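Step one of this worksheet: look at the structure below.
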Amino acid sequence: MRGILSLDPARKGRHERRRFRPVAGKWKSALNVFLIVYAVIVGAAAGLYSAFWMVEGEYPFGRRQAQAWNAWPQLGSREIDPYARAMLARSGDIPLGAGEGLSFHAFVDDEGRPLDNACTYVLEGVTPPARYWTLTLYDARGRVRTGPTARSSLTSAQILRDESGQMKITLSARPQPGNWLIVPETDRFQIALRLYDTPVSGTLSWLTPGSLPTIIREDCSG
Amino acid sequence: MSVFARFVLATLCAIILAAIAHITAILVMPWTSANHAAERLVATSTAERPQLISGPGVETWLPLPDPSVAVAACAYDLAEGPFRFSTSSSAMMHSVSFHSRGAGVFFAVTDRATSASGLDIVVMTQEQRDIFETLPAAEDDRALRVVAPEASGFAIIRVLSPLSSQAQSALAEAQQASCVIEPLREPA
């Protein structure tokens, strides 16, 4: 064998090609395995990460807006989208059914500025037709103040109105005359207005401007 | 095929796999999440009265609870028979809704739909509904019958307490409803 290789260069070349072919094959196999592992790991990780990223924060689809208020009417119906269903599963929330009512959430004032507990806000105007409504303040983590002096929620039965039927609610850390709610302790907070037994469904029509209370920021002196 | 072409092909496969993993994760989340309300309410399936989960002065796991509303729940499994949810007539505003993992809220009604004796709703599967149609009708049974999209789910009763002084009444009323599994009689 040694003699053949040393005596016949053509045969030597063929032999070397033969000797290197399996090595190239192994290299290709290793590359293929690497690329398959790469595709599976990157694909699965990207798919799962994007899925969990999508179900954090606000519901991505079906938002209806009126002034500073947002609602997701499809949450309480069979038309709920898969993302909202996944978000409810993650949060444990139980939405109001479309036949029960509708809830609106405000995170900013009428000028689009985030609600800040250092400021005083005035909610003024009317609410859409409903048998009852409730207005509740939540802190940045979704908690509501509790206790007899909490003053974090009002219902339509508790509200004081002026002669024209309009209401005015002050949100402030300091005591206020009339309808007053204490802002939460966290910097950012949200307001939820829930309409119980209301014809407002959000699926067929929507509210005109002025149908919901305005949220006006007054002073921010803390 | 060059190394670069193989890498591009693998990246395309990764993108397709990512899309499949994303869609699958979103679709199975209602069945796999331990936080799902249905999961938390499993223990209530044996109770014959709704169990309080939120309300005025009640500690709750519900996100963004309404402190003016008493909320009670009972889970059901229709494997043993239809599920009957009944409330007595009341002056307090209340509503009832039925939920499942896959369909979300599939039926909701307020006390405006009550008869003189209160709300009476029977949830059943389509098969049970078909059997029920073959049975002789009971004269005094005027329950509202709802076909559930899935065999298991939960019912929620909400009782509004418009004034602070009504909070205890709302809590009591939410727990006074009845939730029972009523096996169908065999057809004659």
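The values are calculated or read from the model by the stated rules, or taken from the named source; none is laboratory data. What you see is a predicted model; the values in this text were computed from it and never measured. Neighbour counts are summed over all protein chains in view; Cβ atoms, including those assigned to glycine, are modelled from backbone coordinates with ideal geometry.
Numerical summary
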{"item": "A:ALA130 vs. criteria small (Gly, Ala, Ser), surrounded by fewer than 18 Cβ atoms within 10 Å (Cβ to Cβ), at pLDDT below 95 and over 30 Å from B:THR24 (Cβ atoms)", "result": "no"}
{"item": "Members of the range B:42-56 that are surrounded by fewer than 23 Cβ atoms within 10 Å (Cβ to Cβ) and part of a loop (DSSP other than H, G, I, E, B)", "result": "B:ALA47, B:GLU48, B:ARG49, B:PRO56"}
{"item": "Residue check, A:ARG141 at pLDDT below 95, under 20 Å from the mean Cα position of the chain (by Cα) and among the charged types (D, E, K, R)", "result": "yes"}
{"item": "So B:ALA108, is it crowded, with 18+ Cβ neighbours inside 10 Å, within 12 Å of chain A (Cβ to nearest Cβ) and over 16 Å from the mean Cα position of the chain (by Cα)", "result": "no"}
{"item": "Residues within the range B:57-82 that are surrounded by fewer than 18 Cβ atoms within 10 Å (Cβ to Cβ) and of a type in the set (Ser, Thr, Tyr), tallied", "result": "1"}
{"item": "Only listed residue being surrounded by 12 or more Cβ atoms within 10 Å (Cβ to Cβ), farther than 22 Å from B:SER95 by Cβ, more than 25 Å from the chain's Cα centre (by Cα) and not aromatic (Phe, Trp, Tyr), chosen from A:GLN158, A:GLN176, A:GLN166, A:GLN190", "result": "A:GLN176"}
{"item": "Hits in the range A:76-87 (condition: facing another protein chain (nearest Cβ under 7 Å), touching a helix residue (DSSP H, G or I) at 6+ places or on another chain (Cβ under 9 Å) and either among the hydrophobic types (A, V, I, L, M, F, W, C) or assigned to a loop (DSSP other than H, G, I, E, B) (or both))", "result": "A:ILE80, A:ALA86"}
{"item": "Yes/no for A:VAL37 being modelled with pLDDT of 90 or more and exposed (fewer than 12 other Cβ atoms within 10 Å of the Cβ)", "result": "yes"}
{"item": "Subset of the range B:148-159 [crowded, with 16+ Cβ neighbours inside 10 Å and not small (Gly, Ala, Ser)]", "result": "B:PRO149, B:PHE154, B:ILE156, B:ILE157, B:ARG158, B:VAL159"}
{"item": "Residue list for the range B:33-57, filter: over 14 Å from the mean Cα position of the chain (by Cα), without any contact (Cβ under 8 Å) to a residue 24 or more places away in the chain and within 8 Å of another protein chain (Cβ to nearest Cβ)", "result": "B:SER33, B:ASN35"}
{"item": "Close pairs (8 angstrom Cβ cut-off, 6 or more residues apart or separate chains): of a type in the set (Gly, Ala, Ser) in the range A:153-165, modelled with pLDDT under 95 and loosely packed, with under 14 Cβ neighbours inside 10 Å anywhere", "result": "A:ALA157/B:LEU163"}
{"item": "Wholly enclosed strands (runs of 3 or more DSSP E) of the range B:57-176 bearing at least 3 residues β-branched (Val, Ile, Thr)", "result": "B:104-110, B:120-124, B:152-160"}
{"item": "Failed item in (1) farther than 24 Å from B:ASN35 by Cβ; (2) touching a His at 6+ places or on another chain (Cβ under 9 Å), with A:ASP109 passing the rest", "result": "(2)"}
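Residue by residue, here is whether (1) modelled with pLDDT of 90 or more; (2) not basic (Lys, Arg) holds:
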| position | (1), (2) |
| --- | --- |
| B:ARG49 | yes, no |
| B:VAL69 | yes, yes |
| B:ALA72 | yes, yes |
| B:THR87 | yes, yes |
| B:PHE98 | yes, yes |
| B:ARG112 | no, no |
| B:LEU119 | no, yes |
